[in-house]
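Everything on this sheet refers to the single structure shown next.
The values are calculated or read from the model by the stated rules, or taken from the named source; none is laboratory data. Note that the structure is predicted; figures quoted are calculated from it, not measured. So basically every Cβ, Gly included, is an ideal-geometry build from the backbone, and we count neighbours across all protein chains shown. When the accessible area is computed, the model is the full protein with side chains, heavy atoms only, and any ligands, DNA or RNA have been set aside. Shrake-Rupley method; radii C 1.70, N 1.55, O 1.52, S 1.80 Å.
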Amino acid sequence: MRRLAVFGLVLLAATSCSPALEGASQPLAQEQVGAGLGLDVASARRTALDFVNAYAHATEDDGARLSALVVGPELTAWVHWMTVQNQQFDGTISGTADVRSVAFVDSFLVENAVGGRVNMGASVTLTYDPTAGQTFDRTRIMDGPVTLLRTGTAEWRVVDATRDGQSMDDGIQLFRELSMTSHGVTVSLHSLFMFTPSWQFNVTVVNRTGGLIRIEPVGLALLVRRQGARPQRTRGVYTQALVTLPGGFDAEGLVGFPQQEEARGRTLSLAYRLAGGRHVTFLFPLGDVVTQVPPTSSGPSPSPTS
């Protein structure tokens, strides 16, 4: 399958996550950590610091350094789809990190794993310089706990962090085999990032029709059904990679909507026009597949994804 590389971004009014260490946990006595406790503490602090700096400079290496610092499907997905967004931005993105404090809090046992907590005081400022338009900044506040998993002696990986006052782990929903196929077009939902002030759906579209397909903007919506009322349509925005797709190609892209209070009664709608003029619509009810919605809040930096 050939992949269509499309560069250029319709900026999302969306925001762009990591597995929590689940199960009963208990504080870890110093003797359980072993003689290398001091080295472990220093390494955990360094990993948290490296995480923030790699986030700020992710566009310089397509997220390679950041990817090496995280573990688990959620944060791995976050790094991947942030990289997709960055690559499709029509312009340049640069970042800086401002770290004020990094303090090791404690270690703990979860089943057979050793976890750690670091309290971070930091921010990441991303500067977007579009090819057409004015340069603008977006700042992510990284104040709060960073949860890590020890992967070896003095080796740690990040499994959760706090961004704009919200747990990144709580803000991401992964989907498993959530796909629809119609008339040779397959649309797959990989994940949903629920970060103030937006919901961002991460999508793959595969075109096996043999001809060019084109997105139908009027068919892109979040349908909201409330009891006793007609469905309301909330219009969304999308990355340029999803606009047109030749036969035999596939593309990854992002779709964004305003933040929602709940998934119940919501249906994601996407539509494409085939080469012969036929319209195909893909409807994804969200009530049963979005299992947790974080509380809505007015975050300190409403902005595009990532």
Ignoring ligands and nucleic acids, what accessible area does D288 show with a 1.4 Å probe (Å², nearest 10)? 150
Distance in nm between label sites at D143 and T204, each 7 Å beyond Cα in the beta-carbon direction? 4.0
Taking a spot 7 Å from the Cα of E262 along the direction of its beta carbon, which residues of region 205-242 have an amide N less than 11 Å from it? 226-227
Compare I172, I141 by solvent-accessible area with a 1.4 Å probe and give them largest first, with all protein chains kept in place. I141, I172
By average Cβ neighbour count within 10 Å, what is the ranking of 77-85, 125-133 from highest down? 77-85, 125-133
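Fully extended, how many nm does the chain gain between T153 and E60 (0.36 nm per residue separation, minus their Cα-Cα distance)?
Gain in length upon complete extension: 30.6 nm.
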Could you give the C-alpha radius of gyration of region 232-281 expressed as a fraction of 2.2 N^0.38 Å, taking N as the number of residues it contains? 1.37
